[in-house]
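Visitor: Structure below; questions to follow.
The values are calculated or read from the model by the stated rules, or taken from the named source; none is laboratory data. All of these numbers come straight from a predicted model, not from anything done at the bench. Note that each Cβ is placed from the backbone with ideal geometry, even for glycine, and that neighbours are counted across all protein chains shown.
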Amino acid sequence: MTVENQTPRLLVAAPASGSGKTTVTCGLLRAAQRRGLEPCAFKCGPDYIDPMFHSCVLGLPSRNLDWFFQGEAGVRRGLASAAQGHGLAVLEGVMGFYDGSGSTDRGSSWHLAQMAQTPVLLVVRPQGAALTLAALVKGLQSFRTPSQIGGVLLNGCTQRLWRLLAPVIEGETGLPVVGYLPTLPECAIPSRHLGLFTPEEVENLRDKLDRVAVQMEETVDLDRVFALARSAPALEAGQPEPLTEGEGGPVIAVARDRAFCFYYEDNWDALRRAGARLVFFQPTQDPHLPQGTCGLYLGGGYPELCAQALSENKSLREEIRAALLDGMPALAECGGFLYLQQTLEDQEGTPWPMAGVLPGRGYRTERLQRFGYVTLTAQGDGPYLLQGETIAAHEFHRWDCTHNGAACRAQRPAGGESWDCVVEQGNLLAGFPHLYLPSHPNFAARFTAACARYGQRGTP
């Protein structure tokens, strides 16, 4: 069954990373809230941190739209479903406008705009250029047809420079320059080795984003921006699956705190659709797992920055170790994988005792390791993946491990590099790849069923 979604929508893109897409996106979301539009947000690609900022503004989840994970039909279905009932959908792009998988435009911001039939607001920093800036915009406008670019916003720009550049860009490209954002040093969001700091680490974040929204009201023609969003045609997509969470389903404890915060909302939805009840806990603080826990989900994040706190929470480490060695089903991705090792080095290189479920040790490196999309193929039958079955995943980490496992073979897209990875130990599946659960039709159901069986042990 095909459904139509009429929600106005807009994609915020840029010529390159570092142009201010996240700041502009959050500013637009907050400005739309102030106007009573009840906006929702999405992130192009597999990034975890930018959606956290969207959620901080909105107080509701921001979702990833990813061609590699979902395919074109899945992108449209995910957008149409989550945007239903909202007055505006703001999509944040990824990297440079045409930067996709490998050296192609597949999965790029432009590709997403095409799939979702969404107009684009191009964010450009005018540093060190005048007429050349118009050439840059015109080149982006004509590189692919249609480009979907419907307007330009100058970021980090003074009023004087905006008055100089706007007519030049408009005259050369025919695109409206909808306004500018001056440099707002008091609203800057710091970065680290895997990207921006997480929202809870940024002091007075909501005040900062309010300041951006107020500035937009003053120097950006928001009426024109929202009119551009309303120009998007109705989006046709397949009927989404209903989302329910059964009261009698097994409890899956999900680690969620400053150490473990990298998750896909779609993964949680897949587990809920399979009948699981998700209960969140904080491994840096909580002394015990949630009551009734039948399974464990340890996502990615920054355990290396919290190694001492995780280590000093000895009661929880020992409880998790005992539960997993007893056969409790568990899924551990990247940071969660590091937490299950014998030790984990912090940023200074000091090793801290971890849960000790796995035989390796986590250690820091000086660069990104095995970065990008992969398809995982099971090399034998396991509880969640049978031999030869595949699941889509993504790797992004600077810490590594002495024992990465060989339960799966990771393959980069388009016949690139491949390597062994993932540890399978009883009902535990753990490794550096972040899995996209809906890309395998049975993974979430198998995992949830294993949790249910574990919870029923000893029940007459």
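Visitor: Assuming Ser142 fulfils every condition listed in (1) closer than 30 Å to Thr365 by Cα; (2) part of a helix (DSSP H, G or I) apart from one, which condition is it?
Guide: Among (1) closer than 30 Å to Thr365 by Cα; (2) part of a helix (DSSP H, G or I), the lone unmet condition for Ser142 is (1).
Visitor: Separate question: Can you tell me which of Arg398, Arg412 is surrounded by fewer than 17 Cβ atoms within 10 Å (Cβ to Cβ) and more than 15 Å from Ala430 (Cα to Cα)?
Guide: Being surrounded by fewer than 17 Cβ atoms within 10 Å (Cβ to Cβ) and more than 15 Å from Ala430 (Cα to Cα) holds for just one of Arg398, Arg412, which is Arg398.
Visitor: I'm checking my understanding of the structure. Among residues of region 373-387 that are small (Gly, Ala, Ser) and buried (at least 17 other Cβ atoms within 10 Å of the Cβ), which one is farthest from Gly295 (Cα to Cα)?
Guide: Applying the filter and picking the extreme gives Ala378.
Visitor: Considering only region 107-130, how many residues are without any contact (Cβ under 8 Å) to a residue 40 or more places away in the chain and not small (Gly, Ala, Ser)?
Guide: 3
Visitor: A follow-up question, please. Considering only residues of region 202-250 that are crowded, with 20+ Cβ neighbours inside 10 Å and under 30 Å from Thr448 (Cβ atoms), which is modelled with the lowest pLDDT?
Guide: It comes out as Ala237.
Visitor: Answer yes or no: is there a residue in region 165-174 that is under 30 Å from the mean Cα position of the chain (by Cα) and in a helix (DSSP H, G or I).
Guide: The answer is no; no qualifying residue exists.
Visitor: I would also like to ask the following. Does Ser55 fit the bill of being hydroxyl-bearing (Ser, Thr, Tyr), under 13 Å from the mean Cα position of the chain (by Cα), surrounded by fewer than 24 Cβ atoms within 10 Å (Cβ to Cβ) and in a helix (DSSP H, G or I)?
Guide: yes
Yes or no, residue by residue, for (1) closer than 19 Å to Gly335 by Cα; (2) out of contact with any strand residue (DSSP E or B) (no Cβ under 8 Å at 6 or more places or on another chain); (3) assigned by TED's automatic domain parsing to the domain that holds Tyr264:
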site: Leu386; (1), (2), (3): no, no, yes
site: Ala393; (1), (2), (3): yes, no, yes
site: Gln411; (1), (2), (3): no, no, yes
site: Leu429; (1), (2), (3): yes, no, yes
site: Ala449; (1), (2), (3): no, yes, yes
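Visitor: A further question on this structure: Take region 376-403 and flag every residue that is free of Cβ contacts under 8 Å to residues at least 12 places away in the same chain and either in contact with a Leu (Cβ under 6 Å, 6 or more places away or on another chain) or of a type outside the set (S, T, N, Q) (or both).
Guide: Selection gives Asp381, Leu386, Gly388.
Visitor: In region 264-357, which strands (runs of 3 or more DSSP E) lie fully inside it and hold 3 or more residues that are crowded, with 16+ Cβ neighbours inside 10 Å and in contact with a Pro (Cβ under 9 Å, 6 or more places away or on another chain)?
Guide: Output list reads 293-298, 343-345.
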